[in-house]
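Inspection log for the structure reproduced underneath, given as structure tokens.
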Amino acid sequence: MTALLIALAAVVVVVLLAAAILIARSRRPSGPPSVAPPDPTVSIEKPPPKTGTARAATTAASGTVSPEAVAPAPVAEPELEPEPEAPTYRSRLGSVRGIFSGAVSALRGGRIDGATWDSLEEALIRADVGVRTTDALLADLKARVASKEIGSGTDLLSALGDEIRALLDVADSRQLRFAGEAGSVDVWLVVGVNGVGKTTTIGKLARQETTAGHSVLLAAGDTFRAAAADQLGMWAERSEVGIVRGAEGGDPSAIVFDAVQRAAARGNDLVLADTAGRLHNKLNLVEELKKIRRIADRDPGHVTEVLLVLDATTGQNALAQAKVFTDAVDVTGIVLTKLDGTAKGGIVIAVQRELGIPVKLVGLGEGVNDLVAFDPDAFVDALLGLD
Ligand code: GDP
């Protein structure tokens, strides 16, 4: 009898063990991993596994479910550490605002005389609006005062605001373009001279676009400066996105091409590509950018934005730089960085007027949330103290 009981117990244990093994096998993912093994020249760094809401949004946007997405998520750990609130123009444009403050208080005083025009002209030039744009603005306002259409300083101030807004009104849309077509990967190329803030801008965009529900992969196309790829790698880590990088001095087109292929394989819908910006060899720069643009646009890649980054602190020099880049590639939007803490914020007006390309984003600081959509109304209000 005892022997029979022992035999029965042994059978039960064996059956339970077999069932446990079967269940464990059925839970294991089948098939090959979604990321191809890296080739010897280009490497991809996968982001650490994500948890929480942003991953869910990313996965929904890309239409794929990665192994990380279905892994059980620790409940308490937040996805991305909370960032401070986005800055306001008023809070960050203190320096350029100061330039206008004298002229603005004189206008609020009510009278329009020779001194009014002198102080307005001085403020516009000092703020780097540019001589041509300043002349055009003032000529028009003087004519309106002469014809008695404008009679008081306060009316002149609001007319100046309206005229600046009109100059900034060059674009139907300042929205970043994202096609999101099935089977294709949107590519945003980021171009500009070294030091203007390209890498930082890509880092901020990576976080913002991920939060907005896109599945982002970075391409470290600035192979000229080794530190650029490392810097981008840090942003990738912060934003928990993948990055494709190559050897120093390698071919940036190959990196962007590889990033697009890998994005398609991984289900990423947006590649943000960094590029080098060595102005001292203009011909090479132009040819390199043209090649990157061509290759990035190869199926399944689709270049939907070419963002030219300009540094507001360089004032009118930014315009000269822009000419080189607009000759090389069809620039679809300007990112004007370092608008915080510079007295040269008026360059936004000159850039829009001279280039006719919309300023889509402005940098108001170094933090991840300090890259904001350009809002002409808020900008003009902050500039002229109308807020
Ligand atoms: P890149 O060579 O064009 O890639 O330039 P980086 O991205 O390396 O930026 C150069 C420096 O500008 C870095 O110290 C950034 O932190 C800083 N920077 C970038 N954007 C802004 C901005 O909007 N405001 C301020 N104050 N600094 C910025």
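The values are calculated or read from the model by the stated rules, or taken from the named source; none is laboratory data. Quick caveat: nothing in here was measured; it's all calculated off a predicted structure. All Cβ positions, even for glycine, are placed from backbone atoms using ideal geometry, and neighbour counts span all protein chains on display. Just so you know, the surface numbers come from the protein's heavy atoms only, side chains and all, with ligands and any DNA or RNA stripped out. Shrake-Rupley method; radii C 1.70, N 1.55, O 1.52, S 1.80 Å.
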Candidate set from the stretch 181-202 (those that are open to solvent by less than 10 Å² (accessible area, probe 1.4 Å) and among the aliphatic types (A, V, I, L, M)); member that is farthest from the ligand (Cβ to nearest atom): V185
All but one of (1) surrounded by fewer than 15 Cβ atoms within 10 Å (Cβ to Cβ); (2) of a type in the set (D, E); (3) at pLDDT 95 or above hold for D169; which doesn't? (3)
T211: among the hydroxyl-bearing types (S, T, Y) and within 16 Å of the ligand (Cβ to nearest atom), yes or no? no
Looking only at the stretch 315-332, count every residue that is in contact (Cβ under 8 Å) with a residue 24 or more places away in the chain and part of a helix (DSSP H, G or I) and tell me the total. 9
Could you check the stretch 330-350 and list, in sequence order, the residues that are modelled with pLDDT of 90 or more, in contact with a Leu (Cβ under 8 Å, 6 or more places away or on another chain) and within 16 Å of the ligand (Cβ to nearest atom)? V331, G333, I334, V335, L336, T337, L339, D340, I347, V348
Which residue pairs have Cβ atoms closer than 7 Å, lie 6 or more positions apart in sequence or on different chains, and pair a first residue in the stretch 361-381 that is assigned to a loop (DSSP other than H, G, I, E, B) and open to solvent by 10 Å² or more (accessible area, probe 1.4 Å) with a second residue that is polar (S, T, N, Q) and within 11 Å of the ligand (Cβ to nearest atom)? E366/T200
Would you please name the residue that is surrounded by the most Cβ atoms within 10 Å (Cβ to Cβ), looking only at residues in the stretch 230-281 that are assigned to a loop (DSSP other than H, G, I, E, B) and within 16 Å of the ligand (Cβ to nearest atom)? T275
Checking G195, G151 in turn, the sole residue that is in a loop (DSSP other than H, G, I, E, B), in the same structural domain as A276 (by TED's automatic domain parsing) and modelled with pLDDT under 95 turns out to be G195
Those residues that are closer than 17 Å to G197 by Cβ and more than 16 Å from the ligand (Cβ to nearest atom), I need them from the stretch 304-318; list them, please. E305
